[in-house]
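A.B. asks: Sharing a structure, written as C-alpha cells. Questions coming.
The values are calculated or read from the model by the stated rules, or taken from the named source; none is laboratory data. Here the structure is a predicted model, which is why all the values come from computation and not from measurement. Cβ atoms come from the backbone with ideal geometry, glycine included; neighbour counts cover every protein chain shown.
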Amino acid sequence: MNADRGVAVVTGGTRGIGLEITRALRADGFDVAAVFHGNEDAARMCERDTGARTFKTDVADFAGCQALCEDIEKNFGPVRVLVNNAGITRDGVLHKMTEENWHAVIETNLTSCFNMCRAVITAMRDRGYGRIVNIGSINGQKGQFGQTNYAAAKAGMIGFTKALALESAAKGITVNIICPGYIATDMTSAMKQEVLDSIVRQIPVARMGRPDEIAAIVSFLASEKAAFITGATITANGGQYMA
C-alpha cells in the first residue's frame, strides 16, 4: 500500500460521500483509515474496492476516538489528514422532537468533530503539519424545516472550523469545511420520486450533486495546493444557496 503521503482518516468513510472521499484520497497516495460504526458489509466492500483499511468506532465516544487514533498512529503512521464526514439525521419538528434524537444528532455530527480533532491535533501541532476537512451541509447554512438538531450541529461545525483554523494556522495546520447541497447517494435515492423532483426544481443547475464532486474538493484541500486556504466554508450546492 502506498503510504508515502501518510495516513488520512475519514469518518463515515465506507458509504456515500465518505466512500468517494476514501477512494479519492487513496488515489492521491494516502494510506486511508475509513471509520465506520455499524455496516460491516459496506466496510468489507470498501476495503475490497479501495484498498483502504477500515476501523469500527463510535465517533460520538471520546475515549473510543482517542484509542482509534492512538492505534492508527502507532501501527500505521502519522495522521496527516482528518476528514470529519460521519453524520446521522433524526428529523422531526422541534415541538415533537425527543431529547434522545436531539442528543444523538448533536453527538454524532458535532461532538464527533471535537472527539476526532482532539485525538489528532496535538501530534499535528508537534509535527507542524495537518489537514482537517469537515463535511457540513447546506442546511447548516440556511436551516431546514424539521431539522433543528441537524441544522444546529452543522452550523456548529462551521464555527468550530473557523475557531480551530485560527488556533492552528501558525502550526502548519489548515482547517476547512465543505457544505454540500443535495447529493445523489443511497440515502437520497430512497426518497420518493416526487420529493426528489421537488428538490431538483430548487437547484439552479437542475440536478443533484455527485459524491465524487465533493471528494474532489476534499482531495484539493488535503493537498499542498490548498496550503493558503484555512477557515474557509466552501459551498457545493449547485447554486441552491449562495452564502
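A.B. asks: Could you give every pair whose Cβ atoms fall below 8 Å, whose first residue belongs to region 34-52 and is at positive phi, and whose second residue is loosely packed, with under 15 Cβ neighbours inside 10 Å, counting only separations of at least 6 or pairs across chains?
C.D. replies: Cβ pairs passing all conditions: Gly51/Met1.
A.B. asks: Ile178 - would you say it is surrounded by 13 or more Cβ atoms within 10 Å (Cβ to Cβ) and assigned to a strand (DSSP E or B)?
C.D. replies: So Ile178 fits the description; yes.
A.B. asks: Something else now. Could you tell me whether region 50-68 includes any residue that is touching a Leu at 6+ places or on another chain (Cβ under 7 Å) and either buried (at least 20 other Cβ atoms within 10 Å of the Cβ) or not in a loop (DSSP other than H, G, I, E, B) (or both)?
C.D. replies: Yes, region 50-68 contains a residue that is touching a Leu at 6+ places or on another chain (Cβ under 7 Å) and either buried (at least 20 other Cβ atoms within 10 Å of the Cβ) or not in a loop (DSSP other than H, G, I, E, B) (or both).
A.B. asks: Moving to a separate point now. Scan region 10-31 for residues that are in contact with a helix residue (DSSP H, G or I) (Cβ under 7 Å, 6 or more places away or on another chain) and either among the polar types (S, T, N, Q) or farther than 22 Å from Pro180 by Cα (or both) and jot them down.
C.D. replies: Thr11, Thr14, Thr22, Asp31
A.B. asks: Among the residues of region 93-106, write down those that are surrounded by 14 or more Cβ atoms within 10 Å (Cβ to Cβ) and within 23 Å of the chain's Cα centre (by Cα).
C.D. replies: Asn101, Trp102, His103, Ala104, Val105, Ile106
A.B. asks: Quickly run through region 89-109 and pick out the residues that are in a helix (DSSP H, G or I), farther than 20 Å from Thr57 by Cβ and either without any contact (Cβ under 8 Å) to a residue 40 or more places away in the chain or acidic (Asp, Glu) (or both).
C.D. replies: His95, Lys96, Glu99, Glu100
A.B. asks: What do you reckon, is Ala206 out of contact with any strand residue (DSSP E or B) (no Cβ under 8 Å at 6 or more places or on another chain) and either surrounded by 14 or more Cβ atoms within 10 Å (Cβ to Cβ) or modelled with pLDDT of 95 or more (or both)?
C.D. replies: yes
A.B. asks: Of the residues Ile203, Ile199, only one is among the aliphatic types (A, V, I, L, M) and assigned to a loop (DSSP other than H, G, I, E, B); which?
C.D. replies: Residue meeting the stated conditions: Ile203.
A.B. asks: If you don't mind, another one. For the structure I just gave you, tell me whether Val195 is farther than 23 Å from Thr14 by Cα, surrounded by fewer than 15 Cβ atoms within 10 Å (Cβ to Cβ), more than 17 Å from the chain's Cα centre (by Cα) and at pLDDT below 95.
C.D. replies: yes
A.B. asks: Here are Ile203, Ile138, Ile214: which of them is touching a helix residue (DSSP H, G or I) at 6+ places or on another chain (Cβ under 7 Å) and of a type in the set (A, V, I, L, M, F, W, C)?
C.D. replies: Ile214
A.B. asks: Which of (1) at pLDDT 95 or above; (2) surrounded by 12 or more Cβ atoms within 10 Å (Cβ to Cβ) does Met187 not meet, given it meets every other one?
C.D. replies: Met187 satisfies every listed condition except (1).
A.B. asks: Looking at Ile121, is it modelled with pLDDT under 95 and either part of a helix (DSSP H, G or I) or under 21 Å from Cys65 (Cβ atoms) (or both)?
C.D. replies: For Ile121, the condition - modelled with pLDDT under 95 and either part of a helix (DSSP H, G or I) or under 21 Å from Cys65 (Cβ atoms) (or both) - is not met.
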